Amino acid sequence: MPSKNTICLWFNNDAVDAANFYAQTFPDSAVQAIHRAPGDYPAGKQGNVL
């Protein structure tokens with residue numbers, strides 16, 4: 001059985017672009033979830049990519 005890796009990326013900016021780049025770079029990879037802030041918070045606004 002092939003090994004499976006789960007990657008967690010942390011970016012302050014351009015996180016979605018970076019995740020898509022990595023998913024395109026590695027075979028059989030995909031961005032499975034993008035989490036967004038449900039409301040405003042001290043460092044950001046509702047809808048920001050977390």
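The values are calculated or read from the model by the stated rules, or taken from the named source; none is laboratory data. All values reported here derive from a predicted model rather than from experimental measurement. Please note: Cβ atoms are built from the backbone with ideal geometry, for glycine as well, and neighbour counts cover all protein chains shown. Calculation scope for accessible area: heavy atoms of the full protein, side chains included, ligands and nucleic acids excluded. Shrake-Rupley method; radii C 1.70, N 1.55, O 1.52, S 1.80 Å.
Can you tell me how many residues within segment 17-50 are in contact with a strand residue (DSSP E or B) (Cβ under 9 Å, 6 or more places away or on another chain) and on the phi > 0 side of the Ramachandran plot?
Counting residues in segment 17-50 that are in contact with a strand residue (DSSP E or B) (Cβ under 9 Å, 6 or more places away or on another chain) and on the phi > 0 side of the Ramachandran plot gives 1.
Quick check: is even one residue across segment 6-16 in contact with a strand residue (DSSP E or B) (Cβ under 7 Å, 6 or more places away or on another chain) and open to solvent by 80 Å² or more (accessible area, probe 1.4 Å)?
Looking through segment 6-16, none of the residues is in contact with a strand residue (DSSP E or B) (Cβ under 7 Å, 6 or more places away or on another chain) and open to solvent by 80 Å² or more (accessible area, probe 1.4 Å).
Taking only segment 17-50 into account, find how many residues are open to solvent by less than 100 Å² (accessible area, probe 1.4 Å), without any contact (Cβ under 8 Å) to a residue 24 or more places away in the chain, not in a helix (DSSP H, G or I) and not polar (S, T, N, Q).
Number satisfying all stated conditions: 10.
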